[in-house]
1. Would you give the gap between the C-alpha center of region D:93-122 and the C-alpha center of region C:266-283, rounded to a whole Å?
2. Find the centroid of the Cα atoms in region B:147-194 and in region C:164-190, then give the distance between the two in whole Å.
3. Near C:Ala337, within a Cβ-to-Cβ distance under 10 Å, what is the net charge of the other residues, with Lys and Arg +1 and Asp and Glu -1?
4. Kindly write out, for region C:259-276 in residue order, the coupling ³J(HN,Hα) from the Karplus curve 6.51 cos²θ - 1.76 cosθ + 1.60 (θ = phi - 60°), rounded to whole Hz, with x marking Gly and Pro.
5. Per-residue counts of other Cβ atoms within 10 Å, averaged by peptide: what ranking do you get for A:331-339, C:110-118, highest first?
6. On a C-alpha basis, how far is the centre of region A:59-85 from the centre of region B:215-241 in Å? Whole number, if you could?
7. When the Karplus curve 6.51 cos²θ - 1.76 cosθ + 1.60 is applied with θ = phi - 60°, which whole-Hz ³J(HN,Hα) does each residue of region C:67-84 get, with x for Gly and Pro?
8. Skipping prolines and chain starts, which residues have an amide H placed within reach, meaning under 5 Å, of the one on B:Ala256, given they are 5 or more residues away or on another chain?
There are 4 protein chains.
Amino acid sequence: MSDDGTGEDGAGHEQPPREAFGHDPIGHAEAQAGTTVGELATEYGEAGVGAADMHEAVDIYADMLEEDVTVVMGLAGAMVPSGMRRIVANLIRDGHVDALVTTGANLTHDTIEAIGGKHHHGPVPDEKRERDHDEQLREEGVDRIYNVYLPQEHFTLFESHLRETVFPALAEEGTVSIQRLTEKLGEANAAVNDEEGVDEGSGIAAAAFESDVPIYCPAVQDSVLGLQAWMYNQTADFSLDALADMDTLTDQAFDADRTGALVVGGGVPKNYVLQTMLVAPGAYDLAVQLTMDPPQTGGLSGATLDEARSWGKLETAARNVSVYADATITLPLLVAAARERVEE
Amino acid sequence: MSDDGTGEDGAGHEQPPREAFGHDPIGHAEAQAGTTVGELATEYGEAGVGAADMHEAVDIYADMLEEDVTVVMGLAGAMVPSGMRRIVANLIRDGHVDALVTTGANLTHDTIEAIGGKHHHGPVPDEKRERDHDEQLREEGVDRIYNVYLPQEHFTLFESHLRETVFPALAEEGTVSIQRLTEKLGEANAAVNDEEGVDEGSGIAAAAFESDVPIYCPAVQDSVLGLQAWMYNQTADFSLDALADMDTLTDQAFDADRTGALVVGGGVPKNYVLQTMLVAPGAYDLAVQLTMDPPQTGGLSGATLDEARSWGKLETAARNVSVYADATITLPLLVAAARERVEE
Amino acid sequence: MSDDGTGEDGAGHEQPPREAFGHDPIGHAEAQAGTTVGELATEYGEAGVGAADMHEAVDIYADMLEEDVTVVMGLAGAMVPSGMRRIVANLIRDGHVDALVTTGANLTHDTIEAIGGKHHHGPVPDEKRERDHDEQLREEGVDRIYNVYLPQEHFTLFESHLRETVFPALAEEGTVSIQRLTEKLGEANAAVNDEEGVDEGSGIAAAAFESDVPIYCPAVQDSVLGLQAWMYNQTADFSLDALADMDTLTDQAFDADRTGALVVGGGVPKNYVLQTMLVAPGAYDLAVQLTMDPPQTGGLSGATLDEARSWGKLETAARNVSVYADATITLPLLVAAARERVEE
Amino acid sequence: MSDDGTGEDGAGHEQPPREAFGHDPIGHAEAQAGTTVGELATEYGEAGVGAADMHEAVDIYADMLEEDVTVVMGLAGAMVPSGMRRIVANLIRDGHVDALVTTGANLTHDTIEAIGGKHHHGPVPDEKRERDHDEQLREEGVDRIYNVYLPQEHFTLFESHLRETVFPALAEEGTVSIQRLTEKLGEANAAVNDEEGVDEGSGIAAAAFESDVPIYCPAVQDSVLGLQAWMYNQTADFSLDALADMDTLTDQAFDADRTGALVVGGGVPKNYVLQTMLVAPGAYDLAVQLTMDPPQTGGLSGATLDEARSWGKLETAARNVSVYADATITLPLLVAAARERVEE
């Protein structure tokens, strides 16, 4: 039987040619014991909807892992407190990230773990009546990020770390770029993590410092890290230049052969990764977005990557895909599957 | 250092005891080449948010795969046209589904593939101006389900199959239960699939027929299968009894030792799986829900399983979890990981 | 200045003609004290994204309120317990609904209020640790639907009502259509509501009975109403014909001049409203969908109405729009604004 | 009949006391022609789910409109290009905003309209095959934000405005705070808008300048406004201090009697509005959040306001509510209804 069913009615009359869909039949995924994550991604390719998008994301990201691709990664939201820290640090150490754009919150939590603090699993309290729950947490000195809990004394530890090891050296330099702050932070995290023999790894900022990968954090003042910098700035001749980082990021874009964007979550990191190309000669050749924000609200975080194409942030011929699902599920899957494909 | 940081300030003063979170620190997931899906699920357990839920879902579902658990599975939405058919059919054949509740749409598409039809990958057209796209599809005789395309002549094939192989035998029985319709459908699908040597497997209804697993389809009239039944009923003394199926499903619940609910998507299948326990002596001991519907709309499809507990549909002590992410991604992952865990 | 900016650079060079957007500039909404809902809808027309969709929905729905339009309304989910009962009943009484497709849950809750029961506002408990909340509710005999609570003795009242006033009369008719059940239910609700002087109005089923508007409920067995029907059927010669309703709904579609679909929420009611047109000569001329389900999951509930066009359920030239926002907010807004427009 | 049904069974036996829900029965909303928006909000209070939240939001926001409340407003995403500009500008002019936190994108689009540019309604193209659409837009020089279109020559106009009227004066001041940039921008927008007799109002930045309301924009470098500042900085001795703004915002929080947060959308503006209270003696007394981001992803944008309570950003006794629905629909509704309530 022909694929598009012509002739099925046996009548021999001509059908209009069908341009709207190709002859790319949907198969059906399998799921057996012992399947590797790479094989699972292949199975996704047999299916439709989000599974097909996930398959394409692995394909495109495997291409990004090639040496000649300059990868700019955007890491939004609460990805570090929710457990993605090691995966990102390893990608940096393995040379798969050329620039990281992230939030002050991620760097704050990355640092807390580097110097010996911990996040904890906890319950999701309810929106209305039982706000007693959050009142109780407040009394107990515990901060909550959805189902992740953080004792507040870790912020005291964090403050000491910044005031002893990070800020004084920077204050000698006067006004510095935000990237310089993250670099110094990474250096300090690596040192303390090593000296104190902390169980948990030294993390993202440390990996970036040791691998000469710049971390950009456009809204750093919108975080506990930023608040601490501001409080230090009250008594010291120290500040952050909001514009200085664009020089080096733009240089990276100029010098790149092929470029790829891995965007995890939305917000400022997403937009900043993409807007870089507005002042570069080219645009992204490869782009993968993992997000759970819906596109139909018109918000930036859920916007499709095709929208970015109209702005010239993606090459007309770029390969790109967005996967709409929880990024704490899809990021480990993406990375394990693409790594498997590359090492084959 | 103690887990909750007491002593960190070195001051020795007493902290209030913290009841709101346990001492269950968040680690960080890894994602290396060659990781199996089961190992990935273990890594998810190191993380927070959706990943932690996914890990728990695998844990609970692995328990459901035990022999003594009677599993009722709800399969909503467009799961068959989007590629989940083989996974579900294999679960049935392997004895991991004791009753399936699904939609007429899934059975329609399951049958079309069993008898030689195919779905195709295609583009997602846009909501507004470019509705020309769907107008063009209509002229070309192609139906669209999001990014899945189906040539309409497959419905002609489906109609012949029902009128020749399925309905006449049922009409001799007069008014039958909906489950009897799905059983006869499965028998016919298996026969035609075999006779005509169709490449694609015989599918869900056939597997259920051959494994003596009942398929319930409460809203069967809300589908092309139902429309065909109605059209046949115009000229034949044949109808469907809307209430008859509850006898057998309730019997299964009565006879069960432990019971588990695997709910994929929302809608009628979800509710029907859960409400069964309103007329049974017990309630579900284990429950996993894979859904992308948000809970905060108050709709049934996104409702948490805990809400079902207030109705007595889940045991007070039941283990249950909802994973809010695209089910075409999470179902294959869940099944492969739980199967791996069980076979270890 | 010309609308598309040609000439702005003063250089006189020719720009390519722009086909992708019309010359329809976005203004900006105002929001003053004393604004009527109809005026608010006009303001929405000045804005973009969801506001523009809401404006278009009011426009299309105002057209549906015209006498010559046969309106089929789909009412899904928990719309009655969440407070939309009076609006729907009034639309029926005012002749603005020609057929209603809904769920057994909505009819159950509609009836409970008609005979003197009440739903209550309550808190949204949390998903994980504090499931004690739902355990406690279970002990107290209270059912929860998101933030709506229902004492279980109302179900006892409901059962008596059905067994005394509704089922016996139907049992004399033997096997009846589901629409006949809802009609008899409406008759009984109206009678009891009146006799007992219940404060709350007699509701949707009563309004439909008194206005000769059929209510279809394809998955009636998937509800407490259906469970009660099944339990009655264990001892009486009474059953429901799953196929019989299609005759009258199809007849309505055949006889209609212009047709409109008002789809509130997704699920079976949505699909059933739309699929009716698969066996009618025409298709919907007007369609409005209010939903919060995201389209990108591929699920039916969030599917765009344009997708329905590829199936021939909407006329090629139909006016249609989907508003992605909480329907308990958008339905009152839509109805008040469209009524205002019509009465002007 | 008692509200919770005790006695309904007439048996006189004692029921356990019910603590989990109050005696607050759900009524049913009405929606008649001529209803004002304030009356609609009252009707919402009769209903459940999102409607009840919307009602509460109006209540809380009406309280925020009182003179003694210092209101910090967060305005995220694409709210200006999608038509919310006039509402926000009017709130500022009427003294209902004491500090605004927003994005560079909003200020860019606010300015473009102030000096004579326009956004346009347009179609939403599709994610996959029809990316030709965005390629075509790129060739035509049109940028797209969901269903809003912007001709690129408006950016040229914007660039001239900044380079002629805004940056030179600032460069004379050397390194300035970001708030100083937005203030100067507002001054320039007001002047050009007036001189050139632009039809559209002078907008948000101008209103803020004229009303002495500070605008904070933590991630200004993540926008076209920021890119322009950076390009100017390449050849002039001009930069932005990332930390300086916290002084004045913190002062406002210190001096406030009662404080309120109106958070429209998520992202940096949301977090920055809330974190201000981490370095202030008090916390917010009133808070309303309008968002469509789902809370269950663990992302900041969808996080509940109760979560903020655990961090001490909201007073333990604060009144707060989140409405999960399209903000372009809910913001005009909120403002019109609260204004009506206050003027009564």
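The values are calculated or read from the model by the stated rules, or taken from the named source; none is laboratory data. Just so you know, these numbers come straight off a predicted model, no measurement behind them. When we count neighbours, we look across all protein chains shown, and the Cβ atoms used for this are built from the backbone with ideal geometry, even at glycine. Areas reflect the complete protein model, heavy atoms only, side chains present, ligands, DNA and RNA absent. Shrake-Rupley method; radii C 1.70, N 1.55, O 1.52, S 1.80 Å.
1. Centre-to-centre distance over Cα atoms comes out at 43 Å.
2. That distance is 32 Å.
3. -1
4. 10, x, 10, 10, 10, 10, x, x, x, 4, x, 4, 5, 5, 4, 6, 5, 3
5. Details: A:331-339: 27.4, C:110-118: 25.4.
Highest-to-lowest ranking by the protection proxy: A:331-339, C:110-118.
6. 50
7. Rounded to whole hertz, the list is 4, 7, 9, 8, 9, 9, 10, x, 10, 9, x, 9, 5, 6, x, 8, x, 9.
8. Here the answer is none, since no amide H 5 or more places off falls under 5 Å of that of B:Ala256.
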